[in-house]
Protein chains: 2
Amino acid sequence: MRDVYAIGIGITSFTRLEFPLSEIAAYPVMMALKDAGIKEIDHLYVANMGGARVNHQTGLASAVVDTLSLTPAGAEVIENGPASGASAIKQGFLAVASGMHDVVAVTGAERMREVNSIEATEFVATLTHPLAEYIYGVTLPSLAGMFTRAYMEKYGVTSRHLAMVAVKNQNNALLNEFAHIHQAITVEGILDSPEALTNNPFIADPLRFFDCCPVSDGGASVILATREVAEKTGRPLVRLAGIGQATDTHCVHEREEPTDLLAVRRAAAQSFKMAGVGPLDVGVAELHDAFTILEIVESEEVGFFKKGEGHLALERGETQIGGKIPINPSGGLKGRGHPVGATGVAQAYEIVLQLRGEAGKRQVADPKIGFTCNFGGFGNNVVCLTFAREN
Amino acid sequence: MRDVYAIGIGITSFTRLEFPLSEIAAYPVMMALKDAGIKEIDHLYVANMGGARVNHQTGLASAVVDTLSLTPAGAEVIENGPASGASAIKQGFLAVASGMHDVVAVTGAERMREVNSIEATEFVATLTHPLAEYIYGVTLPSLAGMFTRAYMEKYGVTSRHLAMVAVKNQNNALLNEFAHIHQAITVEGILDSPEALTNNPFIADPLRFFDCCPVSDGGASVILATREVAEKTGRPLVRLAGIGQATDTHCVHEREEPTDLLAVRRAAAQSFKMAGVGPLDVGVAELHDAFTILEIVESEEVGFFKKGEGHLALERGETQIGGKIPINPSGGLKGRGHPVGATGVAQAYEIVLQLRGEAGKRQVADPKIGFTCNFGGFGNNVVCLTFAREN
């Protein structure tokens, strides 16, 4: 297998974007090509979940190639629910590692604000089991709510811990010009103030408004290439060193221990093994905080903290920028936003930026190893990536 | 790059199937695993275009893994319009060739008859350009009609040539138990009989009913693996020897010569080059005859016949089973049917069957090299595969 490097990155603002989906997908590729100092690619992967349903657009990958005048490069759309982004990066890795292509662009994009929040929630619910969950009205917030209640009872996590994740990530997002949410909040403000029940209503008890990520438009891109191409860029060498992926039962209620996220555990372990590092070597991580509880649980399952102790590490400030293991310096899904297909690529964008030392006000102190966890379904299909700075 | 072999194949009937999409995708994988004599896979790729829109199902790949109890194998949906199937096979190839995985299942599935023909046509039109084609009501049949008229005027193709493709492929389909259309037709019957205008009405002049493939449900699967795994099966060794892919302008009207299919030409040339063979080495081919004209034009662009002479070779019977280069012995999209995401995988199914000598009544005489052309968009993104029998 050939080594594969992330040689260029690009991103759009994550907000409401009044551009067609194909342009939201294309724009960050232009930025990433400029960042890498190259003009041509061999192949393109586009991560997207909602094009056919929400935007009446299929064949999106061919449309993006055309928009960028990159024909005759081949292209595909990769869909793995909310983990589409990391799955597309995996395909890009395989294309370069195999020797088939030397330079591959990966872009993730979603244009979800074309529909309202209820329709967006309904759309995302199409990733649940068609016969055992979807037809009964199960949504992702409802699954997350039940999961959160069970976790609180078992491990002593409280609403204040959940709020701490929201506060940390929204504060980090204040330092990210591309983030969807630019709103400073405090634990007291969203939990204890007289307005809390109005401004932070319950969405799926015990999850409240500020525990859920927003519905966003946006795109992000990473260019992957061989070492030979990477060296020519003269930029810091960031290698995609490890990839892990695992599925779990499609129905959450079929899991032996419903508070475990086995697919996260397996995908992370695989990714670290391939990279030849351990979780404690990680200097910066982007975890999939579609709901605040997920950041806490993932921080345990990937091995940063012991099972059931993620909320204690959070309390101690260990996941802050400047802490032992900074999590979601970008703002995460909670603060940066969650255009579904773009999220996994945006996580990689942040890690490459951090490993290069180019993250400005939110720069983590000199990380060598970066890690992303992109969570498909409700932990049905998880992809974890490990990046390593080499010079 | 490691060599990659097709070690198992499976297919459903292509017709109206009253099963959920996830089961249509899963069933042929079961058949293919049985065919290969194995029970486990490392990864799954699912080719599908309409799940989110037509079937309210996303995260389909995770659902299929779960249906087959193949967790924790990772999985993704691959979408490249009507060429999703061959694109998914390409991803499977890369996963094995790179050394990442040893055994990968690829399945293609579509459940289109959930909606009526008009809605299905509207859905397929979502692969046209969103701003320059789709919003003006352009559909695939309308693009194909204009293309056909131009081709007839330039190269002397007549309605009788188009009908000959339909007759050949529907007759071949009579020999395929899994084919959607089991109806014997003749050129005279569909063109000259008093009932022809009623039974074979114009869809998009000059294309008539029998020039268009049906709207089908169905699934097909191919298992790809290393040579080491392939040898253990004790079955004929069929290697996936060549892959080519190319895009063209998204808008058909932007092409310099609108009667050329440059992406077909480029993808075929790449595929042959990688396999180290030429078009005249091919013993059996499956071309993408969504409209009868496409089989004629593709047979030229891939190099079987000179440009503008495909209809003459057809007239001479060279593309019949038993002819110089048998095309679509399975019945093609016209006869076997066209469940969009399944088609490219079904083409590979037929080629593997033929190269093994297991195609029964429609067996082509001892082919050593087989070829597929899977046509995405209206030639926007084409994937060609070359298979070689090694023993």
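At a glance:
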read-out	value
Candidates A:GLY283, A:GLY242 - the one that is on the phi < 0 side of the Ramachandran plot, within 18 Å of the chain's Cα centre (by Cα), buried (at least 16 other Cβ atoms within 10 Å of the Cβ) and within 14 Å of another protein chain (Cβ to nearest Cβ)	A:GLY242
Sole exception among (1) within 13 Å of chain B (Cβ to nearest Cβ); (2) under 20 Å from A:PRO82 (Cβ atoms) for A:ILE135, by number	(2)
Residue match in the stretch A:342-352 (condition: among the small types (Gly, Ala, Ser), farther than 23 Å from A:PRO236 by Cβ and within 14 Å of chain B (Cβ to nearest Cβ))	no
Single match in A:ILE11, A:ILE7, A:ILE24 (criterion: β-branched (Val, Ile, Thr) and either more than 30 Å from A:VAL115 (Cα to Cα) or out of contact with any strand residue (DSSP E or B) (no Cβ under 9 Å at 6 or more places or on another chain) (or both))	A:ILE7
Near pairs, Cβ below 7 angstrom, 6+ apart or cross-chain, from the stretch A:24-45 (within 13 Å of chain B (Cβ to nearest Cβ)) to any residue that is of a type in the set (Val, Ile, Thr) and assigned to a loop (DSSP other than H, G, I, E, B)	A:ILE24/A:THR12
Any hit, the stretch B:103-118, residues being part of a loop (DSSP other than H, G, I, E, B) and facing another protein chain (nearest Cβ under 10 Å)	no
Top-ranked residue of the stretch B:374-391 - restricted to ones that are more than 14 Å from every other protein chain (Cβ to nearest Cβ) and not hydroxyl-bearing (Ser, Thr, Tyr), ranked as farthest from B:PHE272 (Cα to Cα)	B:ASN391
Residue that is farthest from B:CYS213 (Cα to Cα), among those in the stretch B:152-174 that are of a type in the set (Val, Ile, Thr) and within 24 Å of the chain's Cα centre (by Cα)	B:VAL157
Cβ-Cβ under 6 Å pairs, at least 6 apart or on other chains, the stretch A:194-210 side over 13 Å from A:GLY145 (Cα atoms) and among the β-branched types (Val, Ile, Thr), far side at pLDDT below 95 and surrounded by 15 or more Cβ atoms within 10 Å (Cβ to Cβ)	none
Qualifying residue in the stretch A:192-203 (condition: out of contact with any helix residue (DSSP H, G or I) (no Cβ under 6 Å at 6 or more places or on another chain), buried (at least 18 other Cβ atoms within 10 Å of the Cβ) and modelled with pLDDT of 95 or more)	no
Matching residues in the stretch B:258-268 - criterion: being within 11 Å of chain A (Cβ to nearest Cβ) and surrounded by fewer than 24 Cβ atoms within 10 Å (Cβ to Cβ)	B:LEU262, B:ARG265, B:ARG266
Subset tally (residues that are surrounded by fewer than 22 Cβ atoms within 10 Å (Cβ to Cβ) and more than 14 Å from chain B (Cβ to nearest Cβ)) for the stretch A:1-16	3
A:ASP248 of a type in the set (Asp, Glu) and surrounded by 19 or more Cβ atoms within 10 Å (Cβ to Cβ)	yes
In the stretch A:218-235, the residues that are farther than 21 Å from B:GLY59 by Cβ and either within 11 Å of chain B (Cβ to nearest Cβ) or crowded, with 17+ Cβ neighbours inside 10 Å (or both)	A:SER221, A:VAL222, A:ILE223, A:LEU224, A:ALA225, A:THR226, A:VAL229, A:ALA230, A:THR233, A:ARG235
Residue ID - surrounded by the fewest Cβ atoms within 10 Å (Cβ to Cβ), chosen from residues in the stretch A:62-116 that are hydroxyl-bearing (Ser, Thr, Tyr) and touching a residue at least 60 places away in the same chain (Cβ under 8 Å)	A:SER98
Subset tally (residues that are closer than 20 Å to A:HIS338 by Cα and outside any helix (DSSP H, G or I)) for the stretch A:17-55	11
Per-region count, the stretch B:122-138, residues touching a residue at least 60 places away in the same chain (Cβ under 8 Å) and not small (Gly, Ala, Ser)	7
Qualifying residues in the stretch B:204-217 (those that are closer than 22 Å to B:THR107 by Cα and touching a Phe, Trp or Tyr at 6+ places or on another chain (Cβ under 8 Å)) - the one surrounded by the most Cβ atoms within 10 Å (Cβ to Cβ)	B:SER216
Tally of residues being over 29 Å from A:GLY234 (Cβ atoms) and either at pLDDT 95 or above or aromatic (Phe, Trp, Tyr) (or both) across the stretch A:1-16	1
Of residues in the stretch B:56-92 being assigned to a loop (DSSP other than H, G, I, E, B), over 23 Å from A:ALA95 (Cα atoms) and not polar (S, T, N, Q), the one nearest to the other protein chains (Cβ to nearest Cβ)	B:HIS56
Residue check for A:ALA95: within 8 Å of another protein chain (Cβ to nearest Cβ), modelled with pLDDT of 95 or more and over 17 Å from the mean Cα position of the chain (by Cα)	yes
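The values are calculated or read from the model by the stated rules, or taken from the named source; none is laboratory data. It should be emphasised that the depicted structure is a prediction, and the values quoted were computed from it without experimental measurement. Because the Cβ atoms are built from the backbone with ideal geometry, glycine has one as well, and the counts that use them run over all protein chains shown.
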